[in-house]
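**Q** After the structure tokens below, expect a handful of questions from me.
The values are calculated or read from the model by the stated rules, or taken from the named source; none is laboratory data. Just so we're clear, the structure is a prediction, and the values are computed from it rather than from any experiment. Counting neighbours? That spans all protein chains shown, and the Cβs are built from the backbone with ideal geometry, glycine included. Please note that ligands, DNA and RNA were not included when accessible areas were found on the heavy atoms of the full protein model with its side chains. Shrake-Rupley method; radii C 1.70, N 1.55, O 1.52, S 1.80 Å.
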Amino acid sequence: MKRNKHGCDLKSCFLCRLCSKEWLPAIDVHRQSFHVNKGEVLFTEGSEVTGIYFIYKGTFKVHKKWTDDKEMIVRLAKSGAILGHRGLGNDVFYPVSATALEPSEVCFIDLGFFQSTLKVNYQFLYELMMFFAGELKESEKKMRNLAHMPVKGRIAQALLSMHAKFGTNADGFIDINLSRQDLASYTGTTYETVFRLMNELVQEGTIALQGKHICILDSNKLNEHAGE
């Protein structure tokens with residue numbers, strides 16, 4: 001991770017959009033900007049919490065150890081999102097890791113200044129609380145799906161979710177570069193199962209594939225699979 005001389009625009013990320021305009025000069029002084037290469041780890045599960053990150057450009061996967069040799073992706077984050085917030089609280093260690101899925105730019109806010117920001121920016125504090133509530137609901141939904149939804153349904157649900165969150169590029173493909181192994185980690189299954197079920201979805205005309213890129217051709221069919 002390299003220090004970036006050119007910082008963010010102070011208006012795009014979760015923090016800058018929601019804090020008071022009078023607080024922006026203080027953020028400008030305290031922020032640190034970094035370039036993160038594809039595949040580079042931003043912070044590691046179990047490491048000490050030193051601050052909070054905000055994505056200026058790029059995408060990240062937030063993941064935690066599932067078994068000794070497997071991981072579970074708990075969240076996919078895009079430009080403007082917050083990272084490292086799961087380390088807030090009495091526990092001083094990150095409970096998850098974050099890894100860049102593409103070359104990315106992030107801003108780092110040390111923990112002390114972030115806590116000061118919470119104390120004087122009530123609108124930001126409220127929106128952060130709502131964000132935590134939404135994340136909790138999504139986590140509970142994902143755990144329920146892992147327990148009760150067939151694997152094809154989980155894959156269908158994941159594709160619909162990614163399409164809603166990341167949109168599509170000019171060619172109509174979901175605008176995130178996610179490997180089949182990452183998709184398996186995101187849906188709680190194996191690479192082999194993802195490979196087989198994705199091919200089934202292609203054969204039935206529900207999706208189209210081009211390398212790692214995925215295009216949804218029939219969202220109604222995906223919804224049917226997700227509802228089975």
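**Q** Taking the condition among the hydrophobic types (A, V, I, L, M, F, W, C), under 23 Å from Leu42 (Cβ atoms) and free of Cβ contacts under 8 Å to residues at least 12 places away in the same chain, does Leu125 pass? If you could, list the steps in order and put the result at the bottom.
**A** Details: among the hydrophobic types (A, V, I, L, M, F, W, C): yes; under 23 Å from Leu42 (Cβ atoms): no; free of Cβ contacts under 8 Å to residues at least 12 places away in the same chain: yes.
In short, no.
**Q** Go through (1) under 29 Å from Leu10 (Cβ atoms); (2) outside any strand (DSSP E or B); (3) touching an Asp or Glu at 6+ places or on another chain (Cβ under 8 Å) one by one and return the number of the condition Lys152 breaks.
**A** (1) is the only condition that Lys152 fails.
Yes/no matrix, rows are residues, columns are (1) touching a Lys or Arg at 6+ places or on another chain (Cβ under 8 Å); (2) without any contact (Cβ under 8 Å) to a residue 60 or more places away in the chain; (3) part of a strand (DSSP E or B):
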| position | (1), (2), (3) |
| --- | --- |
| Met72 | yes, no, yes |
| Leu76 | yes, no, yes |
| Gly80 | yes, no, no |
| Arg86 | no, yes, no |
| Gly89 | no, yes, no |
| Pro95 | yes, yes, no |
| Ala98 | yes, yes, yes |
| Glu102 | yes, no, no |
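**Q** Among the residues of region 131-147, write down those that are free of Cβ contacts under 8 Å to residues at least 40 places away in the same chain and open to solvent by less than 80 Å² (accessible area, probe 1.4 Å).
**A** Ala133, Gly134, Lys141, Asn145, Ala147
**Q** So, one more: Of Glu48, Glu22, which residue is open to solvent by 10 Å² or more (accessible area, probe 1.4 Å) and without any contact (Cβ under 8 Å) to a residue 12 or more places away in the chain? Spell out the reasoning first.
**A** Numbers: Glu48 fails: without any contact (Cβ under 8 Å) to a residue 12 or more places away in the chain.
Answer to the check: Glu22.
**Q** What number of residues within region 185-228 are among the hydrophobic types (A, V, I, L, M, F, W, C) and part of a helix (DSSP H, G or I)? Spell out the reasoning first.
**A** Taking region 185-228 first, the residues among the hydrophobic types (A, V, I, L, M, F, W, C) are 194-195, 197-198, 201-202, 207-209, 214-217, 222, 226.
Cutting the leftovers down to part of a helix (DSSP H, G or I) gives us 194-195, 197-198, 201-202, 222, 226.
Adding up the residues that qualify gives 8.
**Q** Would you pick out the residues in region 148-188 that are open to solvent by less than 20 Å² (accessible area, probe 1.4 Å) and more than 18 Å from Lys78 (Cβ to Cβ)?
**A** Listed by number, the residues that qualify are Gly153, Ile155, Ala156, Ala184, Thr187, Gly188.
**Q** Same structure, new question: If a residue must be open to solvent by 30 Å² or more (accessible area, probe 1.4 Å), over 19 Å from Lys2 (Cβ atoms) and either touching a helix residue (DSSP H, G or I) at 6+ places or on another chain (Cβ under 6 Å) or not charged (D, E, K, R) (or both), how many such residues does region 80-118 contain? Give the steps one after another, and end with the answer.
**A** First pass over region 80-118, keeping only residues open to solvent by 30 Å² or more (accessible area, probe 1.4 Å): 86, 88-93, 95, 102-103, 105, 110-112, 115-116, 118.
Filter once more, so that each one left must be over 19 Å from Lys2 (Cβ atoms): 86, 88-93, 95, 111-112, 115-116, 118.
Narrowing further to those that are either touching a helix residue (DSSP H, G or I) at 6+ places or on another chain (Cβ under 6 Å) or not charged (D, E, K, R) (or both): 88-90, 92-93, 95, 111-112, 115-116, 118.
Of the residues in region 80-118, 11 are open to solvent by 30 Å² or more (accessible area, probe 1.4 Å), over 19 Å from Lys2 (Cβ atoms) and either touching a helix residue (DSSP H, G or I) at 6+ places or on another chain (Cβ under 6 Å) or not charged (D, E, K, R) (or both).
**Q** Among Asp28, Asp68, which is the only one that is under 23 Å from Met143 (Cα atoms), of a type outside the set (Lys, Arg) and either open to solvent by less than 50 Å² (accessible area, probe 1.4 Å) or free of Cβ contacts under 8 Å to residues at least 60 places away in the same chain (or both)? So that I can check it myself, show each step before the final result.
**A** Numbers: Asp28 fails: under 23 Å from Met143 (Cα atoms).
Result of the check over Asp28, Asp68: Asp68.
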